[in-house]
Amino acid sequence: MRYLIGIDVGTSATKTVLFDEEGRVTASASQEYPLYQPHNGWAEQRPEDWRDAVLSTLKQVVADAGVPADEIKGIGISGQMHGLVMLDEMGEVIRPSIIWCDQRTGREVEDMLQILPRERWIEITANPPLTGWTAAKILWVRKHEPECYERCRHILLPKDYIRYILTGDFATEVSDASGMQLLDVPGRCWSQEVLEKLDIDPALLGRVYESCEVTGTILPEIAAKTGLSQATKVVGGAGDNAAAAVGTGVVKDGTAFTTIGTSGVVFAHSDRVTIDPKGRVHTCCCAVPGAFHVMGVTQAAGLSLKWFKDNFCEDYVEQARGLGVDVYDLINRDIAAVPAGSDRLIYLPYLMGERTPHLDPDSRGVFFGLSAIHTKAHLLRAVMEGVSYSLRDCNEILKEMGIRVDEMMACGGGGKSPVWRQMLADLYRCAVGTVEQTEGPALGVAILAGVGCGLYESVPAACERLVTKAESTGPSENAERYEAYHRLYDELYLALKDSYRKLADL
């Protein structure tokens with residue numbers, strides 16, 4: 001039997017999974033690490049925490065599986081996108097990584113729009129300048145921490161830092177690089193025009209590969225630490241959403257998924273470049289060679305529910321601990337008894353600003369309509385509904401662009417909730433399905449590794465073989481009620497837009 005490993009370097013934890021060649025989980029391990037917010041709107045993590053988590057979980061799954069090292073043929077790496085990792089000439093981390101949800105770079109985005117017009121940015125990178133993306137972070141460090149920038153010899157994304165740790169190679173691949181604002185997305189290569197305009201030395205950037213291409217093999221010292229073979233191949237891998245697409249079988253036209261993790265994403269595959277001229281959704285290269293994807297992003301999806309749980313639900317946490325169950329199972333039980341619309345309570349999920357459709361780093365979270373009748377369960381349901389309204393906005397833009405799907409797949413932690421899937425089905429007005437396989441990005445990059453190692457003919461062929469549908473949820477009688485709530489939800493942002501800017505200036 002031959003085996004593959006998928007590593008998913010997420011925002012809250014790294015998960016490493018060993019699969020056999022039929023896609024069955026043989027061993028799995030995860031390790032959490034902190035997120036640091038030194039100022040309002042900032043978000044950082046220590047790349048060394050990711051490194052330690054990856055090496056620890058790799059060692060654990062190899063030991064737990066007990067399979068010969070030479071039967072583990074390939075490794076794929078997925079990771080949170082857009083994070084800035086800066087290394088010095090010795091390959092050491094210079095400063096904490098400024099990660100995807102950080103919103104400090106508003107002025108740098110304005111600078112980028114002075115350097116090139118918005119339309120030209122969209123033509124080259126398929127997206128307007130964005131606060132959360134890597135290019136603006138590079139400019140911020142150069143402006144505010146010039147000594148760090150002067151020391152920098154390598155710029156990597158989170159998962160590509162892990163590649164360097166495992167193989168010693170400085171490389172990336174097209175799906176993750178698409179979110180740096182430095183890639184010529186239609187051409188699938190670094191944009192010389194952008195690099196020249198931003199005065200960024202291309203030598204700082206790694207070589208760009210397709211997601212299923214082999215980029216290197218395991219270093220001897222890493223093999224000794226983890227029990228892997230030095231012959232094990234490491235492929236390009238993919239950004240977390242592109243990896244999740246492969247892991248849920250969204251690899252051909254007409255297929256799409258919604259994921260509710262820390263952020264929320266509506267993601268559709270496209271065999272051709274499809275760009276929103278208004279820049280409300282993101283077009284990127286996808287993990288299928290030569291193909292693309294379009295996605296809308298809600299910054300604080302699962303993060304909104306986790307924030308509320310962590311700060312206001314100690315009773316749920318204690319009860320779950322006593323019963324030995326997942327705290328979110330108890331939350332889902334109680335909100336199921338609250339009517340759709342949460343008795344006229346609406347939540348705006350802008351804890352970390354917003355990307356789709358507003359591109360507004362100054363927007364912040366709101367509960368609208370609070371009254372004395374509302375309970376904790378009402379607020380929890382309103383949080384889930386607010387995230388669903390935002391994801392509906394993402395899907396509406398995809399429809400405007402001519403992208404149609406008959407069934408939306410659901411994945412991520414929130415996708416496991418039957419209540420949340422029902423909300424999405426009601427708001428999308430289409431079926432929301434799941435797949436039997438639950439490892440998402442980890443399975444996706446393991447499949448990419450299998451293609452790179454020759455175990456599978458192609459990415460679509462591997463998905464056809466390994467990914468199977470589970471259940472499907474259709475719209476309910478609540479769909480009409482949600483239409484009215486969604487319209488009011490959209491009006492609230494417009495009413496508050498100027499107030500958000502005033503709040504940011506206080």
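Considering only the stretch 129-141, I want to know if a residue exists there that is surrounded by fewer than 21 Cβ atoms within 10 Å (Cβ to Cβ) and of a type outside the set (A, V, I, L, M). No: zero hits.
Restricted to the stretch 214-238, and to residues there that are under 21 Å from the mean Cα position of the chain (by Cα) and in a loop (DSSP other than H, G, I, E, B), the residue that is surrounded by the most Cβ atoms within 10 Å (Cβ to Cβ) is Gly237.
Being buried (at least 17 other Cβ atoms within 10 Å of the Cβ) and touching a residue at least 60 places away in the same chain (Cβ under 8 Å) is the filter; apply it to the stretch 473-491 and report the residue that is nearest to Thr434 (Cα to Cα). For the stretch 473-491, the residue satisfying everything is Asn478. Listed by first and then second residue, the pairs linking a residue in the stretch 261-286 that is outside the structural domain of Gly132 (by TED's automatic domain parsing) and closer than 14 Å to Trp121 by Cβ to a residue that is among the β-branched types (Val, Ile, Thr) and assigned to a strand (DSSP E or B), with Cβ atoms under 6 Å apart and 6 or more places separating them unless they lie on different chains, are Ile275/Thr283; Thr283/Val294. Taken over the stretch 315-350, the criterion of being assigned to a loop (DSSP other than H, G, I, E, B), within 18 Å of Gly414 (Cβ to Cβ) and in contact (Cβ under 8 Å) with a residue 12 or more places away in the chain is satisfied by Ala336, Val338, Ala340, Ser342, Pro349, Tyr350.
Reported count of residues in the stretch 208-260, each being out of contact with any Phe, Trp or Tyr (no Cβ under 9 Å at 6 or more places or on another chain) and polar (S, T, N, Q), is 7. Here Gln422 meets each of (1) crowded, with 23+ Cβ neighbours inside 10 Å; (2) at pLDDT 95 or above; (3) more than 18 Å from Asp490 (Cα to Cα); (4) not hydroxyl-bearing (Ser, Thr, Tyr) with one exception, condition (1). When the stretch 13-44 is filtered for residues that are at pLDDT below 95 and crowded, with 18+ Cβ neighbours inside 10 Å, only Gly41 remains.
Residues of the stretch 494-501 include none that is in contact with an Asp or Glu (Cβ under 6 Å, 6 or more places away or on another chain) and within 30 Å of Leu4 (Cα to Cα).
Residues of the stretch 118-152 that are in a helix (DSSP H, G or I) and among the polar types (S, T, N, Q): Thr125, Thr134. Looking at the structure I just gave you, is Ala462 among the aliphatic types (A, V, I, L, M) and touching a Lys or Arg at 6+ places or on another chain (Cβ under 8 Å)? Taking the combined requirement at face value, the residue does not satisfy it. The single condition among (1) buried (at least 18 other Cβ atoms within 10 Å of the Cβ); (2) farther than 20 Å from Lys416 by Cα; (3) modelled with pLDDT under 95 that Phe267 does not meet is (2). Looking across Glu436, Glu457, one residue alone is free of Cβ contacts under 8 Å to residues at least 24 places away in the same chain, more than 14 Å from Val250 (Cβ to Cβ) and surrounded by fewer than 21 Cβ atoms within 10 Å (Cβ to Cβ). It is Glu457.
Among the conditions (1) within 30 Å of Thr131 (Cα to Cα); (2) over 17 Å from the mean Cα position of the chain (by Cα); (3) in contact (Cβ under 8 Å) with a residue 24 or more places away in the chain; (4) outside any helix (DSSP H, G or I), the only one that Thr14 does not satisfy is (2). Set side by side, the residues Ala382, Ala410, Ala377 differ, and just one is of a type outside the set (Ser, Thr, Tyr), touching a residue at least 24 places away in the same chain (Cβ under 8 Å), under 28 Å from Ala13 (Cα atoms) and in contact with an Asp or Glu (Cβ under 7 Å, 6 or more places away or on another chain), which is Ala377. For the stretch 439-455, a residue qualifies if it is part of a loop (DSSP other than H, G, I, E, B) and farther than 11 Å from Cys212 by Cα, and the qualifying residues are Glu439, Gly440, Leu455. For the stretch 52-74, which positions are crowded, with 20+ Cβ neighbours inside 10 Å, outside any helix (DSSP H, G or I) and over 23 Å from the mean Cα position of the chain (by Cα)? Within the stretch 52-74, Ile72, Lys73 qualify.
Each row is one residue, and each column tells you yes or no for (1) at positive phi; (2) of a type in the set (D, E, K, R).
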residue: Asp271; (1), (2): no, yes
residue: Pro277; (1), (2): no, no
residue: Thr283; (1), (2): no, no
residue: Thr298; (1), (2): no, no
residue: Asp315; (1), (2): no, yes
residue: Val327; (1), (2): no, no
residue: Gly341; (1), (2): yes, no
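Scanning the stretch 87-103 for residues being farther than 30 Å from Ser363 by Cα and either outside any loop (DSSP other than H, G, I, E, B) or outside the structural domain of Pro47 (by TED's automatic domain parsing) (or both) gives a total of 2. Scanning the stretch 304-320 for any residue that is over 13 Å from the mean Cα position of the chain (by Cα), small (Gly, Ala, Ser) and surrounded by fewer than 19 Cβ atoms within 10 Å (Cβ to Cβ) turns up at least one such residue. Could you check, for the stretch 205-213, whether at least one of its residues is out of contact with any Asp or Glu (no Cβ under 8 Å at 6 or more places or on another chain), part of a loop (DSSP other than H, G, I, E, B) and under 20 Å from His269 (Cβ atoms)? Yes - at least one qualifying residue is present in the stretch 205-213. The condition of being within 18 Å of the chain's Cα centre (by Cα) and either at pLDDT 95 or above or in a strand (DSSP E or B) (or both) holds for only one of Asp49, Asp8, that being Asp8.
Taken across the stretch 462-472, residues that are touching a residue at least 40 places away in the same chain (Cβ under 8 Å), small (Gly, Ala, Ser) and in a strand (DSSP E or B) do occur, with at least one present.
The values are calculated or read from the model by the stated rules, or taken from the named source; none is laboratory data. Model, not experiment: these values are computed from the prediction. Neighbour counts are summed over all protein chains in view; Cβ atoms, including those assigned to glycine, are modelled from backbone coordinates with ideal geometry.
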